[in-house]
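For reference, the structure is listed below as structure tokens.
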């Protein structure tokens, strides 16, 4: 648990120390955490290798909860690796255990949207989820798909649903990163975005939080300070495509064309993860 907490807070040196103290290659809990650690370091092949070992252990134990956890996480990792059929089959395995698993259905909806470009079917799948499962981010995903399809009515309806649900104080700060994206991309409240990004950095100084801070500074016209934040806290410290895109925009604004070219190459290879809506923005870098 200390490893999990320190990973969330961005205390990676401490997280690694706790992970080293746990080392036990026959323990499911250790294997999924060493997988997470390698994902953080950008070593996707090793991440998948450890998750496959964890899946085997879960299947041998016939523990359905652990099998479900393994299948949905492998579905994600296979998707990141471009192994779309493997990703799909693991989400299906999860649904064979739990036919109502919202996360697996969301994973399949993403495949249908990002790989197959079938927005109508993707929204149909997500609609079946949100009849009984009301996590705000599912409505935000539906809004993104509707925007790509040019269906402004469905987009607006789902944005409204998101804003209604995210007001629930029980969520705490869970949806701050999503709200930052909306402040910048949707409502253009750049000053609100900057204040929220500063709070996020104070709460959990991760590369993600700093990336939002740098991006917010850029949108507020402080491109030099944004460059300093990205160079110090983001570049080389994360492999998340969405964050690399933000960094690329900051580097572009500062005329760092070689860095932009390098990041653009990585981002073109990550279009599946970013989604069809981002494809033009990546090519326009």
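Derivation of every value follows stated rules applied to the coordinates shown; laboratory data play no part. Note that the coordinates shown come from a computational prediction; the quantities given were computed from them, not determined experimentally. In this analysis, Cβ positions are derived from the backbone assuming ideal geometry, glycine residues included, and neighbour counts consider all displayed protein chains.
Summary table below
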{"read-out": "Cβ-based exposure ranking for 133, 103, in which fewest neighbours within 10 Å come first", "value": "133, 103"}
{"read-out": "Cα extents of segment 10-156 along the three principal axes, largest first (Å)", "value": "53, 34, 27"}
{"read-out": "Proxy reagent accessibility, fewest Cβ within 10 Å first, across 174, 31", "value": "174, 31"}
{"read-out": "Residue-averaged 222 nm ellipticity for the chain, from DSSP H runs of 4+ at -39500 (n - 2.57), nearest 500", "value": "-22500 deg cm²/dmol"}
{"read-out": "Kirkwood-based shape ratio for segment 245-285, expressed as Rg/Rh from alpha carbons", "value": "0.95"}
{"read-out": "Cα Rg, Dmax, segment 105-196, angstrom units", "value": "13.5, 38"}
{"read-out": "Cut-off 19 Å, label 7 Å out along Cα→Cβ of residue 64, residues of segment 89-112 by amide N", "value": "90-105"}
{"read-out": "Stretchable slack from residue 153 to residue 134, in nm (0.36 nm times residue separation minus alpha-carbon distance)", "value": "4.9 nm"}
{"read-out": "Rg(Cα)/(2.2 N^0.38 Å) for segment 117-171, N = residue count", "value": "1.09"}
{"read-out": "Orientation-averaged projected area, Cα convex hull of segment 36-111 (nm²)", "value": "4.6 nm²"}
{"read-out": "Cα-derived Rg over Rh, computed across segment 165-224 with Rh taken as Kirkwood radius", "value": "0.97"}
{"read-out": "Added length on full extension, which subtracts the Cα-Cα distance from 0.36 nm per residue, residue 191 to residue 222", "value": "10.0 nm"}
{"read-out": "Globularity index of segment 173-285, i.e. its alpha-carbon radius of gyration over 2.2 N^0.38 Å", "value": "0.98"}
{"read-out": "Contour excess over end-to-end distance, with Cα ends at residue 173 and residue 266 and 0.36 nm allotted per residue", "value": "30.4 nm"}
